[in-house]
Ligand SMILES: NC(=O)c1ccc[n+]([C@@H]2O[C@H](COP(=O)([O-])OP(=O)(O)OC[C@H]3O[C@@H](n4cnc5c(N)ncnc54)[C@H](O)[C@@H]3O)[C@@H](O)[C@H]2O)c1
């Protein structure tokens, strides 16, 4: 199993590290445009191998796509992250050009690959990969909901004063501060609805804290977060590589599901060896349906800024 990660920055390197530590891939190729940067990150990570007990080989390359040939999975993290006060949508100008050229170079050398898009604004970048390549829809996956759901569970556990392993929950919708739809109606603590334990006000607070989860970290760190994003990507990569048939919310091209079409947005999907093997339809409350509709309008507005 060969995995390429484009962008050896904060998220790309973290993602390569988690993939290696989980030790399911034979090879991870890290590629960056900055001379020597990916080589340096790869060497540093390889020097963790004996300490962390993994055999995954990590190689770093400067912009030579021939070394990515025949990758089973390619992750795109290249592009600029947001600074405090910025929205993800503001990154579109620079990141669209990067994502378009990177995806085309990857596919040229790995025509059968599955692509995971991480660069922001992620739903629009995932849509761009659909529009600018001829990959089938099951092989283009946007990562956002897996991270947002981890942040939701963190906030739920905090509110419940419970261990995170007691908590389950999912965030669907667009990967943006206003677009995220944390599914409080489905969230549980050991299969009991969280609304049994938390007041409506407290649940609303959890929802709001989840939606600004990325912005809160960007304010603290001066740039966007990387540990949880890297861990979330590695979970998706593992589900595909190990054909786990696990369910994650991912951004995928909708063609009528959830009453939406011609956009990529986060919905629950089953991931296995073929990438997105199934889109899962779940019942939403009226408020969640309305929020999903509003979220889709936001994503479509950002898609409208794309130039093909
Ligand atoms: N989808 C999500 O949930 C999520 C979470 C966190 C970050 N992000 C996004 O991921 C992206 C990366 O974030 P980061 O914190 O790692 O940024 P970073 O600046 O640390 O790393 C980005 C890397 O991309 C490289 N790069 C730029 N253009 C390139 C090109 N054409 N080819 C190859 N490499 C190129 C840069 O040299 C840099 O090393 C940002 O757009 C950020 O907003 C998404």
If one takes the longest principal axis of the Cα atoms in the chain, at what angle in degrees, from 0 to 90 and to the nearest 10, does the Cα axis of helix 92-109 lie?
-> 50
Among 100-112, 5-17, 273-285, 202-214, what's the highest-first ranking by average C-beta atoms within 10 angstrom per residue?
-> 5-17, 202-214, 100-112, 273-285
Starting from the alpha-carbon convex hull of the stretch 212-283, give the projected area averaged over all orientations, in nm².
-> 5.9
Sorted by average packing, counted as other Cβ atoms within 10 angstrom per residue and highest first, what order do 38-46, 142-150 take?
-> 142-150, 38-46
Any chance you could list P(r) for the stretch 175-263, counting all Cα-Cα pairs in 5 angstrom bins from zero, rounded to whole %?
-> 3, 10, 14, 17, 20, 21, 12, 3, 0
Say R0 is 25 Å: what FRET efficiency, to the nearest 0.05, do residue 216 and residue 178 get from their beta-carbon distance?
-> 0.95
Where is the GNM fluctuation largest for the chain (alpha-carbon springs, 10 angstrom cutoff): 163, 229, 249?
-> 163
Report the antiparallel proportion of the DSSP beta bridges in the chain as a percent, rounded to a multiple of 5.
-> 50
P(r) of the stretch 145-303 in 10 Å steps, Cα pairs, percent per bin?
-> 11, 39, 39, 12, 0
For the stretch 112-201, what is one quarter of the convex hull surface built on the Cα atoms, given in nm²?
-> 7.1
The chain: angle of helix 227-241 to the longest principal axis, Cα-based, in degrees nearest 10 | 80
How large, in Å, is the stretch 1-54 by the Kirkwood hydrodynamic radius built from its alpha-carbon pairs?
-> 11.0
Normalised Cα Rg of the stretch 10-140, dividing by 2.2 N^0.38 Å with N its residue count, works out at 1.06
Express the Stokes-Einstein translational diffusion coefficient of the chain in µm² s⁻¹, to the nearest whole number, given a Kirkwood radius over alpha-carbon pairs, 25 °C and a viscosity of 0.890 mPa s.
-> 127
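Taken together, the values in this text are just the output of simple stated rules run on the coordinates, not laboratory data. Please read these numbers as outputs of a predicted model, since none were measured by experiment. Here Cβ is always computed from backbone atoms with ideal geometry, including for glycine, and neighbour counts include all displayed protein chains.
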